[in-house]
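Have a look at the structure below before the remarks.
What follows is calculated from the coordinates using simple rules that are stated; it is not laboratory data. Model, not experiment: these values are computed from the prediction. Virtual Cβ from ideal backbone geometry, glycine too; neighbours counted across all protein chains shown.
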Amino acid sequence: MRAVVTITRRDEIADPEGATIARALVDLGYGDVGTVRVNRTVEVSMPGRDREYVLSAVRGMCEKMLANPVMEDYEIEIFD
Amino acid sequence: MRAVVTITRRDEIADPEGATIARALVDLGYGDVGTVRVNRTVEVSMPGRDREYVLSAVRGMCEKMLANPVMEDYEIEIFD
Amino acid sequence: MPETLHRRLGMTDDEFQAVHQILGRPPEDPELAMYSVMWSEHCSYKSSRAHLGSLPTDAPWVVVGPGENAGVVDIGDGWLAALRIESHNHPSFVEPYQGAATGVGGILRDIFTMGARPVGLWNQIRFGDLADPHTRYLFNGVVAGIAGYGNAVGVPTLGGEVEFDPVYAGNPLVNVMCLGILRDDQLVLGTAGPPGTVAVLLGASTGRDGIGGASVLASAGFDEDAGAKRPSVQVGDPFEEKKLIEACLDLYERRLVVGVQDLGAAGLTCATSEPAARAGVGMDLNLDAVHLREAEMTAPEMLMSESQERMMAFVAPAQVDEVLEVAAKWEIEASVVGTVADGDRLRVYHNGAQVVDVPAASLTDEAPILRRPIARPDWLKDLWNLAEPAADVPFDVALLALLGDPALGDRSWVYEQFDHMLFLNTVHGPGRDGSLIRVRGTDKGLAVSTDGNGRLCQLDPRRGAERLVYEAALNVAVLGARPLAVVDNLNLGNPEKPEVMWQFTETLAGLGAACETLGVPIVGGNVSFYNETDGHDIFPTPVVGLLGLAEPIPVRPRQLEAGMAILLIGPAQSDNLAGSAYQRVVRGTLGGRPTRIDADEGGRSIELAIRIAHVVPGAVLHDVSQGGALIAAAELLVAAGVGGQVEVDSVPGAFGEDPHRFLCLVPSDRAAEVGQLAREEGCEVRDIGITGGSDISIVNQTTVEVPLARITAVWTDAIAAKMRGALHE
Amino acid sequence: MTVGIVAFPGTNCEHDVGYALESFGATTVPVWHRETSLDGLEAVVLPGGFAHGDYLRTGAIARFSPVMAAVEKLAAEGRPVLGICNGFQVLCEAGLLPGALIANRDLRFICRPVQLRVESTDSILTRAAAVGQVLTIPLNSYEGNYVPGPDAPNTILRYCEPDGSITGRANPNGSSGSVAGIANQTGTIAGLMPHPERAIEDFMASTDGRVLLESFVASVESVGVSRA
Ligand SMILES: Nc1ncnc2c1ncn2[C@@H]1O[C@H](COP(=O)(O)OP(=O)(O)O)[C@@H](O)[C@H]1O
Ligand SMILES: [Mg+2]
């Protein structure tokens, strides 16, 4: 099993990377770009474990380490 | 319209960050973690543009800037 | 089929035949893989080796000369300094961030392989025109890569050079230099030790990174099908390297290793064959013990992999356990992968079977030595006779143009991205002529200057190379340091062209002669050929890294203030503008024949600069190089935020770059004292101005005043304004 | 009185901080991140560097190193805990200080001296300084852009102009409220992005780091005295 965690920074928290990319895209000729946000995904494989197990383990990892509760939310998807 | 680009580093390219997180998760007690890969998503909003237009513009952005063709692949999804 | 395989690996039919002859049978694939990387231009120096012997490499203070991973010199009081320079040009073009980052990683390993702690990094980077978006992308990525790796690995980046010229647009140059220091009883060499010694592979796991990087990427030019040749990009991991540095230094401290070799180009192949050849022994290497990142790698892949952050330690059997404990303490992986054997054979085992059996030294010593044809370029005469425009722009216009040029203006956009203060030893970091760090526990300082000038060398590679050596020497002299040793990095075009080989041999002749007259040995270097795109070669671009020793460290020069005399010291200015920044920026030309060095005058200027730095406290010294005397003065004034008046007699007088000249700024009442010192050393001094006011006034037949604020704005924007919003990803 | 200097794999300023504190009279001992006890130490410093390569987020992995439980315990006893640069990031990740640090506004690493204004002297780091005092201290970070948590932090240092005024231009990294350093409510835990140890000797860019490190050493001494 494989979990893909998408970690998104809350809207109210600055995203310097997104802002810089947005500026650079406009410079590159994409004048109609609105906002850009950059997020990270962390893909965790847990071979030989079932869905339930992986979901709960990965939720634990997110709470403890993968996401920072001060500024981030996360979403978990599980794949075979 | 809003495009979400998922940029993934090719499998054969080293991912030291993923490897370090994997070791840290094992240290944290998740001994059954296999590999970890870290990727990025870039969310680009182009207000008032249609699906076709956004798809082709964002494809151009990926080729030119968002993804690095020598080490990354990308996938584009379009949302309303 | 082997015949087609060897060509795919970049080997000629002759080379394949030579391997066949050495082995007395056709090589197996893994064997061919090993020869292809070790006999590549990058690893074997086959085009250059026949010529390198002419360089002066000896001096009483040289402990290790060229041939080892780094040069080592004695700096007294029981301390040694190790230095080395390398290029990472092609990888940085393919992927600027990772290319530059892994260049830094590689040069660091060359230094801590010698037993030294790396204490400083320098970089010399050259790109096309910043108006071009792709150039901005490359420049931004390279600087970010150097910063990303150097800062995180915890070694300060203390200086460097940056140049822009369209000739580098398709082939940027990224050179990196590293300095390390060590106690004299801690020197470690890249030797395998006696039979029975155990080979322990330390650090990152081995993946399919950069397979054939040395043979294919670093030893051929770029053309349209470059994409097809691109091996996978190597990704640097400064965190792994940081742990590896600490682990290795810990191993040396405990005296647990017989020898050490880093894994750079040609990976495991190089790290087994070279130490075995140096020790005159054989080696058994067991690939099944190598810790891998990717499953099911083939033997050729493992032997050629250029995965980063790996080291091979050679350890006496009784000490292997302790070595593994030290590795565990620093949280790095370690595998026992081989044993030094009697005889001279390098044998490799994979999946339990022997897959390689070759004489170890044949990989390193029997590489072909080519004597490529040499011819002076026909176009040179035309360049020397180039007609210059008759009319020149006003001095103030030229001044602003030059100070607004990205190669001459404020480069803090570059160096503020580098940690240049770590270790608390940086007396002079980037932003001055050279860098100077203190050696704690002594009163010594180590100064480094790195200098290159492709345009000068395009016009006359021999004179250009000589000039670089003397310029670097004067750069450390103005910090109060005496030249001690040189490393060089020769970046050139395609050596299959006789003109490029001529540029190469002329460059060597110039380097050798200048180091000879200066009495400074060359303790290491690197040759990077095939810097060409679509058949166009770059300018011959040798880069010199010069180490100097200051003893004691002079007191820090005072802040520039109003009322200081501006003295120009050194030989009178000729009317030569060949290869100058003035030609490039103001006239848009490149032509003429550069002024030669004058070893006597050069030596006197160096002696005088050292003396003033030590005996005239508060004197501000700055050598005259790119842009000439007026620019040198303006740089000091702008950086200090103080105006001044500068007299110039002519355009070459203001902007000419003739060698051996430097500025000395002292309170007016001490100018006579400097004059006296200059007379004693036999140097000329001219009083060309005075500091003060809020303008820079250029005094010729008439006086033009340019507000300092205006100059400062132009200078500050030289790079920063062009790079606003640039991205490295 | 002994100060522990914590090093994680990837930390690189531990020797610099040790050297600096010793020059102000402290005794320091290195503490490797695998240690589980800080018994016998009056205080700890988490120095700068790139703990665990700064992978995932700065400080995110370091925060789970075995030593951190002991650091939390020491902090709970009111003993001085100082985080410099990467150490500040670790303290935020660990929840010992509020907020988080993200990438600089211009997405570039910044290594240069900056001006700081002292906002409060109620902390282990600023007790010997004066409110309003302007200090020149080198910054050295890629992720120095402070993001507050739900509550306003107890700010002790802010980026400022040479004359002490707080402006956008003087804010090098986009930090919310120009925050350069903060403390917990009682002032016993402090963190800052700039490096005071890089401004202590005459050949350095400035010597203004002294007042901060002297404050810290004095704070450690007073803990020693009150425990004696
Ligand atoms: N790529 C770079 N990395 C670090 N520092 C640099 C770089 N390029 C230029 N600098 C710094 O900018 C200053 C000016 O460089 P330069 O004009 O080439 O010096 P000089 O002409 O005296 O040899 C030097 O202190 C140099 O170290
Ligand atoms: Mg100079």
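Details
- Computed lengthening from D:D202 to D:D151, 0.36 nm per intervening residue step minus Cα-Cα distance: 14.4 nm
- For D:G83, the residues whose amide H sits under 5 Å from its own are D:L46, D:A190, D:G191, D:L192, ignoring neighbours fewer than 5 places away on the same chain, with H placed 1.01 Å from N.
- More than 33 Å apart - percent of Cα-Cα pairs taken over segment D:2-227: 7 percent
- With the largest listed first and rounded to whole Å, the semi-axes of the equivalent ellipsoid of segment C:462-600 from the Cα gyration tensor are 30, 21, 14.
- Percentage relative contact order, chain D, counting C-alpha pairs under 8 Å, at least six apart: 20 percent
- Counting neighbouring beta carbons within 10 Å and listing from fewest to most, the residues C:R254, B:R49, C:R126 come out as C:R254, B:R49, C:R126.
- Rounded to the nearest 0.05, the FRET efficiency derived from the C-beta distance between C:R558 and D:S176 at R0 = 41 Å is 0.55.
- Mean sequence separation of contacting Cα pairs (under 8 Å, at least six apart), scaled by the length of chain A, corresponds to a relative contact order of 53 percent.
- In terms of other Cβ atoms within 10 Å, C:L546, C:L403, C:L380 run from fewest to most in the order C:L380, C:L403, C:L546.
- Whole-Hz Karplus values for segment C:532-537 come out as 8, 9, 6, x, 9, 7 Hz, taken residue by residue from phi with 6.51 cos²θ - 1.76 cosθ + 1.60 and θ = phi - 60°; glycine and proline positions read x.
- Shape category assigned to segment C:396-504 from the gyration tensor of Cα positions, a/c cut at 1.5: oblate
- When each of C:D598, C:D623, C:D365 is scored by the number of other beta-carbon atoms lying within 10 Å, the sequence from fewest to most is C:D365, C:D598, C:D623.
- Taking every residue in D:136-143 and counting other chain Cβ atoms within 10 Å of its Cβ, the average works out to 3.
- Of the trypsin sites (Lys or Arg not before Pro) found in segment D:1-104, those that fall in a DSSP loop while having at most 13 other beta-carbon atoms within 10 Å are D:R34.
- Cβ crowding within 10 Å averaged over residues, with C:323-329, D:93-99, D:194-200 ranked highest first: D:194-200, D:93-99, C:323-329
- Label-zone membership for segment D:1-42, site C:E325, 7 angstrom Cα→C-beta point, backbone N under 20 Å: D:31-36
- Counting, for every residue in A:4-12, the Cβ atoms of other protein chains within 10 Å of its Cβ and taking the mean gives 2.
- Above-threshold pairs, the threshold being 31 Å between Cα atoms, out of C:K46/C:K243; C:K242/C:K444; C:K242/D:K73; C:K243/C:K444: C:K46/C:K243
- If R0 is taken as 56 Å, the Cβ-Cβ distance between D:Y19 and C:R25 corresponds to a FRET efficiency of 0.40.
- Segment C:678-729 and segment C:288-315: distance between their alpha carbon centers, rounded to Å: 53 Å
- Volume per residue of the C-alpha convex hull in segment C:604-681, rounded to whole Å³: 102 Å³
- Two-site FRET efficiency, B:D50 against B:D11, from Cβ-Cβ distance with R₀ of 41 Å, rounded to 0.05: 0.75
- Every helix of 4 or more DSSP H residues in chain B counts as -39500 (n - 2.57), and over all residues that averages to -9000 deg cm²/dmol at 222 nm.
- Cut-off under 5 Å, modelled amide H: who pairs with D:T58 long-range: none
- Taking every Cα-Cα distance in segment C:69-179 and sorting them into 10 Å bins starting at zero, the pair-distance distribution P(r) comes out as 16, 46, 26, 10, 2, 0 percent.
- Top of D:T27, D:T167, D:T121 by mean-square fluctuation, Gaussian network on chain D, Cα under 10 Å: D:T167
- Sorted into 10 angstrom bins from 0, the C-alpha pair distances of the protein assembly as shown split as 2, 10, 19, 24, 22, 15, 7, 1, 0 percent.
- Stretching the chain fully between C:R49 and C:E705 yields a gain of 230.7 nm (0.36 nm per residue, less the alpha carbon separation).
- Summed side-chain charge close to C:S40 - residues other than C:S40 whose Cβ falls under 11 Å, Lys, Arg +1, Asp, Glu -1: -1
- Averaged over the residues of peptide D:13-23, the number of Cβ atoms from other protein chains lying within 10 Å of each residue's Cβ is 2.
- Here the Gaussian network model covers chain D, with springs between Cα atoms less than 10 Å apart; of D:V90, D:V118, D:V29, D:V29 fluctuates the most.
- Alpha-carbon Rg with Dmax, taken over segment B:2-79, Å: 16.1, 48
- Span from the segment C:553-609 Cα centroid across to the segment C:80-125 one, whole angstrom: 30 Å
- Segment C:499-595, relative contact order [Cα under 8 Å, separation at least 6], %: 15 percent
- With Cα atoms defining each centre, segment B:36-80 and segment D:17-85 are spaced 42 Å apart in the structure.
- 4 °C / 1.567 mPa s Stokes-Einstein diffusion coefficient of chain C, Kirkwood radius on C-alpha pairs, µm²/s: 49 µm²/s
- When shorter helices are ignored and each DSSP H run of at least 4 residues is given -39500 (n - 2.57), the per-residue value for chain C at 222 nm works out to -10500 deg cm²/dmol.
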